[in-house]
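Presented below is the structure to which this report refers.
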Amino acid sequence: MEKTLKILNEEGMHARPAGAFVKVANEFKSAVEIRANGVTKNGKSIMGIMSLGLVKDSEITLVARGEDEAQALEKLAALVNNKFQV
């Protein structure tokens, strides 16, 4: 399953939001990836996410594959759309 979103928070996806994303992603058994600018990174790796250099208004595609992929995408999309406010 996939979902395309935009980074809404002013600071982009720096260490704190990337950490929040990884924490939520690791709640699920499904594999989670983030695609941006033609590059795909593991959504459960803070360094991988930060290496994407995501800034405000960056378009990302979340990809989840596994037994709880729908729940993973729903919760991760809500996190992104809420500007990483947990």
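Computed from the coordinates by the stated procedures, all read-outs in this text should not be read as laboratory data. Given the structure is predicted, the values throughout are model-derived calculations rather than measurements. No Cβ is skipped: glycine too gets one built from the backbone with ideal geometry, and neighbour counts run over all protein chains shown.
Give the residues of the range 1-17 that are under 25 Å from residue 67 (Cβ atoms) and hydrophobic (A, V, I, L, M, F, W, C), sorted by residue number.
Passing the criteria: 1, 5.
Which residues, taken from the range 43-73, are closer than 13 Å to residue 24 by Cα and basic (Lys, Arg)?
44
Note down all Cβ pairs under 9 Å where the first residue falls in the range 7-21 and is in contact (Cβ under 8 Å) with a residue 60 or more places away in the chain, the second is in a helix (DSSP H, G or I) and among the polar types (S, T, N, Q), and they're at least six residues apart or on different chains.
8/81
Output the number of residues of the range 27-45 satisfying the condition of being charged (D, E, K, R), free of Cβ contacts under 8 Å to residues at least 40 places away in the same chain and over 15 Å from residue 17 (Cβ atoms). Don't jump to the end; show me each part of the working.
Looking only at the range 27-45, we keep the residues that are charged (D, E, K, R), and these are 27, 29, 33, 35, 41, 44.
Add one more test, that the residue is free of Cβ contacts under 8 Å to residues at least 40 places away in the same chain, and what stays is 29, 33, 35, 41, 44.
So of that shortlist, the ones also over 15 Å from residue 17 (Cβ atoms) come out as 29, 33, 35.
Adding up the residues that qualify gives 3.
For the range 10-47: of the residues being more than 11 Å from residue 62 (Cα to Cα) and among the hydroxyl-bearing types (Ser, Thr, Tyr), which is surrounded by the fewest Cβ atoms within 10 Å (Cβ to Cβ)?
Among them, the one singled out is 45.
Please give the number of the condition residue 4 fails out of (1) touching a residue at least 12 places away in the same chain (Cβ under 8 Å); (2) farther than 12 Å from residue 80 by Cβ; (3) not in a loop (DSSP other than H, G, I, E, B).
It fails just one condition, (2).
Do you know which residues across the range 64-86 are closer than 16 Å to residue 6 by Cβ, surrounded by fewer than 18 Cβ atoms within 10 Å (Cβ to Cβ) and in contact with a strand residue (DSSP E or B) (Cβ under 6 Å, 6 or more places away or on another chain)?
77
I'd like the full set of residues that are of a type in the set (Ser, Thr, Tyr) and free of Cβ contacts under 8 Å to residues at least 40 places away in the same chain, limited to the range 46-86. Break it down stepwise before answering.
Taking the range 46-86 and keeping what is of a type in the set (Ser, Thr, Tyr), we get 51, 58, 61.
Within the range 46-86, 51 is the sole residue that qualifies.
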